[in-house]
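Chemist: Got a structure here, written out as structure tokens. Questions coming.
The values are calculated or read from the model by the stated rules, or taken from the named source; none is laboratory data. What you see is a predicted model, and the numbers here were worked out from it, not measured in a lab. Every residue, glycine among them, receives a Cβ derived from its backbone with ideal geometry; neighbour counts consider all protein chains shown. Heads up: the accessible areas ignore ligands, DNA and RNA and are worked out on the full protein's heavy atoms, side chains in. Shrake-Rupley method; radii C 1.70, N 1.55, O 1.52, S 1.80 Å.
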Amino acid sequence: MQAERGLFSYPKYWAECYGTAPFLPMSRAEMDKLGWDSCDVILVVGDAYVDHPSFGMAVVGRMLESQGFRVGIIAQPDWNSKDDFMRLGKPNLFFGVSAGNMDSMINRYTADKKLRHDDAYTPGNEGGKRPDRAVIVYSQRCKEAYKEVPVIIGGIEASLRRIAHYDYWQEKVRRSILFDAKAELLIYGNAERPLVEVAHRLAAGEPVAELQGIRGTAVIRKEAMPDWRGVDSTAIDKVGKIDPIPNPYGADDVGCGSFSEFAKQGIDLTQPQAVEAKPVMVQAPRQKPWEKTYVKLPAFEQVSVNKALYAHASRILHQETNPGCARAIMQRHGDRHLWINPPAFPLTTEEMDGVFGLPYQRVPHPVYGKAKIPAYEMIKTSVNIMRGCFGGCSFCSITEHEGRIIQSRSQESILREIEDIRDKVPGFTGVISDLGGPTANMYKLRCKNPKAEQTCRRPSCVYPTICEHMDTDQSPTVQLYRSARKLKGVKKILIASGVRYDLAVEDPNYVKELVQHHVGGYLKIAPEHTEEGPLSKMMKPGMGAYDKFKEMFDRYSKEAGKEQYLIPYFISAHPGTTDLDMVNLALWLKERDFRLDQVQNFYPSPMANATTIYHTELNSLKNIKGNTEQVAVPKGERQRRLHKALLRYHDPKGWPLIREALLKMGLKHLIGTAKSCLVPDEKQEAKLLKGPKLPRSPGQPALTRHTGLNPAKKAATGVKKSSGKASFQKKRPG
């Protein structure tokens with residue numbers, strides 16, 4: 001899918017004469033040294049400024065700089081007043097606002113809504129340096145500072161809140177963040193293509209109000225775009241009978257999912273309809289069905305109180321994510337409409353190379369001195385080789401943000417970055433910590449059928465089975481690994497992004513190369529569960545693929561004469577999981593003597609499919625009908641604690657809760673000290689806690705969520721334990 005205009009094809013803005021800044025300025029003093037009287041664009045971000053391609057605002061800033069604009073950064077400002085937002089003066093074009101690499105609420109609160117006291121994106125790992133709902137707060141302060149300056153919001157927080165969405169922290173449906181932030185424009189997904197167009201059009205003197213039809217953006221409108229054709233969402237995906245709800249605005253699209261505005265006129269809702277009939281003098285070229293077409297979703301006022309309609313709207317949103325055939329989406333909020341344009345076209349390999357080849361310093365801004373920024377320490381010797389993920393896991397935010405189409409860099413570009421790390425990063429030891437991305441083994445994989453790729457609306461290319469059109473040849477990745485190992489000064493290339501194992505087993509040559517050369521004692525994979533109920537709601541494969549991969553992993557490790565371990569990740573309390581499912585998972589772990597030290601309860605992040613299931617308790621992965629499958633959803637602190645305790649069946653702190661649950665479930669036979677038992681009874685517990693530690697099979701390490709190794713193994717391999725907090729959205733295995 002090729003965009004109409006290349007990313008680097010625009011004539012550069014006049015300010016290119018100032019050249020490249022060593023670091024994008026964060027103060028007036030730095031601006032003075034560069035000879036700037038003002039900034040064209042000021043970026044406001046909730047992270048510390050690290051000039052590295054793994055940090056979104058560095059990419060955005062360097063991208064705009066490459067187009068000839070003067071870009072300043074206000075990182076982690078004091079949000080209690082407008083003063084800190086004025087430190088660089090008034091921007092000539094716009095403020096760009098982002099919460100940072102993570103959603104500010106996920107950054108600040110655990111899955112159990114407990115306050116975190118650390119922040120991996122802040123110097124010294126200090127928590128509390130950004131506000132809750134940072135995009136909204138920052139945007140409002142920008143407006144207070146310079147009311148007439150346009151505010152454009154983006155990043156993962158804005159991207160995943162671009163539509164009416166369930167908010168886990170308030171336990172209600174909130175309206176699109178665009179309304180609360182009072183911004184002029186929202187850019188969702190990877191921002192380069194729409195952002196460059198926005199910047200150049202504003203620089204050319206266009207009012208921001210006229211930037212309405214740019215792909216990858218959302219705006220607020222009074223009505224639909226002129227000359228666009230509207231389709232009612234219920235004509236695409238039947239809702240079935242829905243109880244009528246009161247309509248405070250007297251609009252037509254309320255009630256039993258019929259959307260009477262269309263029905264009263266006898267219009268065939270299965271076909272795109274002209275919003276306003278106009279005489280046509282000349283026969284226009286025949287358009288594709290999705291071109292200049294929008295889907296009208298149930299209004300915010302409806303989805304906020306009607307769970308069936310919310311699930312329906314979520315299904316439609318996820319169906320309209322393929323840039324090749326997506327339609328625009330319109331959703332009424334009060335007397336205005338949210339208008340979401342189709343996604344931006346993915347970057348070509350040449351454009352990806354250009355983005356990652358920009359002059360990053362690859363270190364934090366000097367203002368931070370010697371203070372450590374944990375997120376930077378974690379990724380400073382890693383290389384991002386691709387974007388996107390076609391896995392479609394329902395709990396993950398990557399597909400909603402970056403899309404299903406894989407965007408890969410060239411091998412030459414990746415090797416140049418490795419050499420850049422070797423030559424620039426202080427204290428480089430010769431070890432590249434990761435060659436990966438959202439998933440380690442999707443590099444250069446894509447649909448083999450261009451027509452199918454353009455028109456496909458499947459949420460996943462690998463579930464329930466791998467699509468026959470999907471390329472599973474991972475030889476480009478193998479070749480990349482081999483070339484990287486040969487670079488001078490490189491001792492070891494590790495793979496830390498996590499492997500999609502059901503895809504890996506389709507290419508044994510890849511598994512062999514990975515296992516024998518790129519595993520530093522352990523390898524992360526994510527079966528997530530063992531039981532069909534939760535797996536079907538996660539859109540994850542069954543354990544057969546895991547067993548096949550483990551057999552290959554063990555065989556190739558033995559051939560190489562290496563003692564290596566698979567580190568399986570599991571999620572507790574995921575929608576679709578019953579208490580019995582968790583008991584069966586715990587028994588599976590105990591049978592294999594797996595002892596997980598850190599586990600993750602399901603975290604309902606905005607806009608994810610699994611979050612929709614969590615909120616509605618309906619299976620939104622299927623058509624929403626009157627008899628829609630009711631899904632078991634673990635809610636409430638006690639049940640979520642139980643599921644987490646079952647994953648850590650070996651931890652005495654959870655034994656009382658597990659015993660109580662087993663007795664209620666009629667599973668008393670699982671209480672005792674026999675090998676088949678899950679936890680001891682109360683008397684046995686007292687003796688065990690006074691005596692020696694529970695035995696472990698010889699040679700079996702204690703597993704942790706992030707390292708998977710016991711202290712002896714960690715010392716032997718040089719692995720350091722990470723907080724893992726920053727990895728949940730971006731680094732979790734596929």
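Chemist: Convex hull over the alpha-carbon atoms of segment 93-145: what's its volume per residue in Å³?
Modeler: On the way: hull volume 4.7 nm³, N = 53.
Taking the convex hull of the Cα positions in segment 93-145, it is 88 Å³ per residue.
Chemist: Given H placed on each backbone N at 1.01 Å, which residues far from Thr293 in sequence or on other chains put an amide H within less than 5 Å of it?
Modeler: Arg229, Ala328
Chemist: Averaged per residue, what accessible area in Å² does segment 155-247 show with a 1.4 Å probe, protein chains only?
Modeler: Numbers: 3360 Å² over 93 residues.
On a per-residue basis, segment 155-247 sits at 36 Å².
Chemist: With runs of 4+ DSSP H residues as the only contributors, calculate the mean residue ellipticity of the chain at 222 nm using -39,500 (n - 2.57) per run, divided by the residue total and rounded to the nearest 500. Provide the component values of the computation, followed by the final result.
Modeler: Details: 28 runs with 232 residues, N = 734.
Rounded to the nearest 500, it is -8500 deg cm²/dmol.
Chemist: For segment 73-140, run through the trypsin sites (Lys or Arg not before Pro) and keep only the ones in DSSP coil with at most 16 other Cβ atoms within 10 Å of their Cβ. Let's see the in-between values first.
Modeler: Working: sites: Lys82, Arg87, Arg108, Lys113, Lys114, Arg116, Lys129, Arg133; in loops: Lys82, Arg87, Lys113, Lys114, Arg116, Lys129, Arg133.
Sparse-neighbourhood loop trypsin sites (Lys or Arg not before Pro): Lys82, Arg87, Lys113, Lys114, Arg116.
Chemist: Step through the residues of segment 18-26 one at a time and calculate ³J(HN,Hα) from phi using the Karplus curve (6.51 cos²θ - 1.76 cosθ + 1.60, θ = phi - 60°), rounding each to whole Hz and writing x for Gly and Pro.
Modeler: Each residue of segment 18-26 in turn: 6, x, 9, 7, x, 9, 4, x, 10 Hz.
Chemist: Which of the lysines could a cross-linker span from Lys524 if the Cα-Cα distance has to be under 17 Å and same-chain partners fewer than 8 positions apart are dropped?
Modeler: Answer for Lys524, where 17 Å is the Cα cut-off: Lys512, Lys540, Lys548, Lys550, Lys562, Lys713, Lys714, Lys720, Lys721, Lys725, Lys730, Lys731, listed by chain and number.
Chemist: To continue, here is another question. Rounded, prolate or oblate: which one fits segment 377-431, using the alpha carbon gyration tensor with axes a ≥ b ≥ c (rounded when a/c is under 1.5, else prolate when a/b beats b/c, else oblate)?
Modeler: Values: a/c = 4.21, a/b = 1.99, b/c = 2.12.
Oblate is the answer for segment 377-431, as a/c is 1.5 or above yet b/c matches or exceeds a/b.
Chemist: Same structure, new question: On a 1.4 Å probe surface of the protein chains, which of Lys292, Lys622, Lys524 comes out largest in accessible area, and what is the full order? If you can, show how the numbers build up before the last one.
Modeler: On the way: Lys292 90, Lys622 120, Lys524 35 Å².
Descending accessible area places them as Lys622, Lys292, Lys524.
Chemist: Distance cut-off 18 Å, Cα to Cα: go down the list Lys113/Lys622; Lys288/Lys622; Lys590/Lys635; Lys590/Lys675; Lys590/Lys664; Lys424/Lys491 and report the pairs above it.
Modeler: Values: Lys113/Lys622 30 Å; Lys288/Lys622 26 Å; Lys590/Lys635 25 Å; Lys590/Lys675 9 Å; Lys590/Lys664 21 Å; Lys424/Lys491 16 Å.
Table pairs above 18 Å Cα-Cα are Lys113/Lys622; Lys288/Lys622; Lys590/Lys635; Lys590/Lys664.
Chemist: Mind listing the phi-derived Karplus ³J(HN,Hα) values for segment 204-218, rounded to whole Hz, using 6.51, -1.76 and 1.60 with θ = phi - 60°, and x for any glycine or proline?
Modeler: Whole-Hz 3J(HN,Hα) from phi for segment 204-218: 7, x, 5, x, 4, 5, 8, 8, 9, x, 7, 4, x, 10, 10.
Chemist: Rounded to the nearest 10 Å², what accessible area does Asp37 show when all protein chains are kept and the probe is 1.4 Å?
Modeler: Number for this one is 110 Å².
Chemist: Here's a follow-up. Through the Karplus equation 6.51 cos²θ - 1.76 cosθ + 1.60, θ set to phi - 60°, convert the phi angles of segment 670-683 into ³J(HN,Hα) values in whole Hz; use x for Gly and Pro.
Modeler: Each residue of segment 670-683 in turn: 8, 9, x, 10, 5, 4, 7, 7, 9, 9, x, 7, 4, 5 Hz.
Chemist: Another question, then. Find how many whole Å separate the alpha carbon centroid of segment 87-117 from the alpha carbon centroid of segment 580-607.
Modeler: Cα centroid to Cα centroid, the span is 30 Å.
Chemist: Of the heavy-atom accessible surface of the chain (probe 1.4 angstrom), what whole percent is carbon and sulfur? List each step's numbers first, then the result.
Modeler: Details: 15130 of 29440 Å².
Here carbon and sulfur together make up 51 percent of the probe-accessible area.
Chemist: Which Rg and Dmax, in Å, describe the Cα atoms of the chain?
Modeler: Rg and Dmax of the chain, Cα atoms, are 26.2, 91 Å.
Chemist: Identify the trypsin sites (Lys or Arg not before Pro) of segment 575-613 meeting these criteria: DSSP loop state and at most 16 other C-beta atoms within 10 Å of the C-beta.
Modeler: Working: sites: Lys590, Arg592, Arg595; in loops: Arg592, Arg595.
Counting only loop positions with at most 16 other Cβ atoms within 10 Å, the trypsin sites (Lys or Arg not before Pro) in segment 575-613 are Arg592.
Chemist: Which value, in Å², gives the accessible area per residue of segment 65-134 when a 1.4 Å probe is used on the protein heavy atoms?
Modeler: Details: 2270 Å² over 70 residues.
Computed with neighbouring chains in place, this is 32 Å² per residue.
Chemist: May I ask you to order 45-57, 438-450, 9-21 by the average number of other C-beta atoms within 10 Å around their residues, highest value first? Spell out each step's value before the answer.
Modeler: Details: 45-57: 24.3, 438-450: 22.0, 9-21: 13.7.
So the order, starting with the most tightly packed, is 45-57, 438-450, 9-21.
Chemist: For the full complex of protein chains and a 1.4 angstrom probe, list Val367, Val631 by accessible area with the highest value first. Intermediate results must be reported in sequence, preceding the final value.
Modeler: Values: Val367 95, Val631 10 Å².
Accessible-area ranking of Val367, Val631, largest first: Val367, Val631.
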